[in-house]
Amino acid sequence: MSDELNPETPESEAEEPIKQRKNGLYPGVSDELAENMRGGWADTELRDLKPVAQAAETRRRRAALSARFPGERLVIPAGNLKTRSNDTEYAFRASTEYAYLTGNQTEDGVLVLEPTADGHRETIYLLPRSDRENGEFWLSGQGELWVGRRHSLAESEALYGIPAADVRELAEKLREARGPVRVVRGHDAGIEAALTDKVTAERDEELRVFLSEARLVKDAFEIGELQKAVDSTVRGFEDVVKVLDKAEATSERYIEGTFFLRARVEGNDIGYGSICASGPHACTLHWVRNDGPVRSGDLLLLDAGVETHTLYTADVTRTLPVNGTYTDIQRKIYDAVYEAQEAGIAAVQPGAKFRDFHDAAQRVLTAKLVEWGLVEGPVERVLELGLQRRWTLHGTGHMLGMDVHDCAVARTETYVDGTLEPGMVLTVEPGLYFQADDLTVPEEYRGIGVRIEDDILVTEDGNRNLSAALPRRSDEVESWMASLKS
Ligand SMILES: [Mn+2]
């Protein structure tokens, strides 16, 4: 990629804000060229834009936020680009809170709710289109000639249903603002700096907790998006099965790349780093190096999810025999995890405690470990002491949504100690992991890790498995793999 605004412009000059160079000559740019670049451009303003699909939902969410914090100024930033190295940046991903409330995903955007007598006045602060008069559009690094066309403020108003203003004026407005303010921290250091003397960590945390808990129950739009994410993920898993022979000839990277292609073609990205864990790597819970060999006779634990264009992610795991057939010991462990997952899914019911499905799955796994002679019973004693956790390692599931571990700062009483309600979406993902160096189990177990993970919607009368299109039972996994390879 090219890296200079103008080959004759020294870098330090090119980095200067454009407004400091108004009315003057740009180094290396003749008056004639500057004048020439001002004109001859068509009017491309988009008129009659329809609102984004979730505009009604985001309006309801902002209304709930407004009602919770009357009389207070609320500031929700999208976040800024993050440097990867020198002058290159990571792909931008808007903050969940901002995207949830606006439907917009633009870097540097900020939603502000300003208190009024009867609620709040909403404004979405964004960078407007590049000015052609002052040369910004082709001489600034943020110019549209370099980064692509932006929506005008009028276009953004039409799309998101929120009055839009120039974000370059926001920090000054916030510094001058009077009255109580809360900001969602961690996304935009510049905005936070403008508010340092006005906010407290405790009050800001209450805002973040509210927005986390607001997402516990999904609306119809969100459930539709999560289903889309899962459907793309199912296709990504099929892609992987079809190329397992190529992965065997290269490494886990081939699997990672194959799934990523599906995520980028059908969605925005992967929702989290894909875990492509072959053989004993399956026992490393967050194996994302994905640089190991893929061998016939081993298992492949694939934990991956496509994130949709509206930032909802799936979170699905399958543990597949690389050559298409489980060995006896692999099948024994796999079928135990399957049985535990069945018990867990059955416990996902409206009115059930969030912990119930975890307890149900742990009980099945523990009974198997006792039955196999790996830990001394009775089962009740093992559960009480938590001894099964040497091999079960993690909780059985979590809320799923825009964040893969969604609603992460919800209070314990509303989430972990809470009750399941229709509209909640959560993963059920028991596993058994026998580390390669675990001398407390017979050798045949060592290096085998199995997890099965599905995305479950709590319904009025039970639950619906959003990822049911991917087979789970061991014999069905085998016939599914065979059908894709033929
Ligand atoms: Mn998960």
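Remark on Ala165: its backbone amide H falls under 5 Å from those of Ile124, Tyr125, Leu126, a criterion applied only to residues 5 or more positions apart or on other chains, H modelled at 1.01 Å from N. The equivalent ellipsoid that matches the C-alpha gyration tensor of the range 43-118 spans semi-axes of 26, 19, 12 angstrom, in descending order. The residue list Leu74, Ala63, Leu49 was ranked by how far each Cα lies along the charge dipole of the range 47-88 toward its positive end, using unit charges on Cβ atoms, and Ala63 comes out on top. Between amide H atoms placed 1.01 Å from N, distances below 5 Å from Ala436 occur with Gly447, all of them 5 or more places distant or on a separate chain.
Can you order the peptides 69-79, 362-372 by their average number of other Cβ atoms within 10 Å per residue, highest first?
Highest-to-lowest ranking by the protection proxy: 69-79, 362-372.
Estimated at the nearest 10 Å², the accessible area of Glu45 is 50 Å² with a 1.4 Å probe. Sorting 443-454, 297-308 by average packing, meaning the other beta carbons within 10 Å per residue, from highest down gives 297-308, 443-454.
Overall shape of the range 384-486 was characterised from the C-alpha gyration tensor. The equivalent ellipsoid obtained from it has semi-axes of 28, 23, 11 Å, in decreasing order. Pairs of alpha carbons in the chain separated by more than 43 Å make up 28% of all such pairs. Accessible area ranking (1.4 Å probe, heavy atoms, ligands and nucleic acids excluded), largest first, for Thr440, Thr96: Thr440, Thr96.
A 1.4 Å probe, protein heavy atoms only, puts the accessible area of Asp43 near 110 Å². Taking the Cα-to-Cβ direction at Ala346 and at Asp461 and moving 7 Å from each Cα, how far apart do the two end points lie in nm? For the pair Ala346/Asp461, the computed spacing is 1.9 nm. Which pairs, out of Lys228/Lys485; Lys82/Lys173; Lys246/Lys485, put more than 18 Å between their alpha-carbon atoms? Long pairs (Cα-Cα over 18 Å): Lys228/Lys485; Lys82/Lys173. Normalising the average separation of contacting C-alpha pairs (under 8 angstrom, six or more residues apart) by the number of residues puts the relative contact order of the range 392-486 at 23 percent. Think of the chain as a dipole: +1 on every Lys or Arg Cβ, -1 on every Asp or Glu Cβ, centred on the Cα centre; then among Asn104, Leu145, Leu369, Leu369 lies furthest on the positive end.
Applying 1/(1 + (r/R0)^6) with r as the Cβ-Cβ distance of Val147 and Asp118 and R0 = 41 angstrom yields a FRET efficiency of 0.55. Given their separation in residues at 0.36 nm each and the Cα-Cα distance between them, Thr414 and Asp87 gain 113.4 nm when the chain is fully extended.
With 10 Å bins beginning at zero, the pair-distance distribution over Cα atoms of the range 247-289 amounts to 29, 51, 20, 1 %.
Taken about its Cα centre, the range 259-365 carries a charge dipole of roughly 100 debye when the Cβ of each Lys and Arg holds +1 and the Cβ of each Asp and Glu holds -1. Here the chain is assigned +1 on the Cβ of each Lys and Arg and -1 on the Cβ of each Asp and Glu. Its dipole about the Cα centre then comes out at about 680 debye.
Give me the accessible area per residue for the chain, probe 1.4 Å, as a whole number in Å². Mind showing how you got there, number by number?
Details: 22370 Å² over 486 residues.
For the chain, the solvent-accessible area averages 46 Å² per residue.
About its Cα centre, the dipole of the range 373-480 is roughly 160 debye, where the only charges are +1 on Lys and Arg Cβ and -1 on Asp and Glu Cβ. The relative contact order of the range 67-134 comes to 33 percent, based on Cα pairs under 8 Å that sit 6 or more residues apart. Here the simple spin-label model places points 7 Å from the Cα toward Cβ, and for Glu443 and Arg295 these points are separated by 1.4 nm. Alpha carbon centre of the range 125-154 versus the range 84-103: separation in Å? For the range 125-154 versus the range 84-103, the Cα centre distance is 18 Å. In terms of packing, defined here as the mean over residues of other Cβ atoms within 10 angstrom, the peptides 30-36, 210-216 line up highest first as 210-216, 30-36.
Per-atom-type breakdown for the chain gives carbon and sulfur 50% of the accessible area (1.4 Å probe, protein chains only). At a Förster radius of 56 Å, what calculated FRET efficiency corresponds to the Cβ-Cβ distance of Leu393 and Asp43, to the nearest 0.05? Calculated transfer efficiency: 0.40.
In the chain, a dipole from Cβ-located charges (positive for Lys and Arg, negative for Asp and Glu) runs towards its positive end, and of Leu195, Leu432, Gly386 it is Gly386 whose Cα lies farthest in that direction. Per residue, the chain reaches -10500 deg cm²/dmol at 222 nm when only DSSP H runs of four or more residues are counted, each adding -39500 (n - 2.57). Normalised by the number of residues in the chain, the mean separation of alpha-carbon contacts (under 8 Å, six or more apart) gives a relative contact order of 12 percent.
The values are calculated or read from the model by the stated rules, or taken from the named source; none is laboratory data. Quick caveat: nothing in here was measured; it's all calculated off a predicted structure. Neighbour counts run over all protein chains shown; Cβ positions are idealised from the backbone, glycine included. Accessible surface is based on the protein model in full, side chains and every heavy atom, while ligands, DNA and RNA are left aside. Shrake-Rupley method; radii C 1.70, N 1.55, O 1.52, S 1.80 Å.
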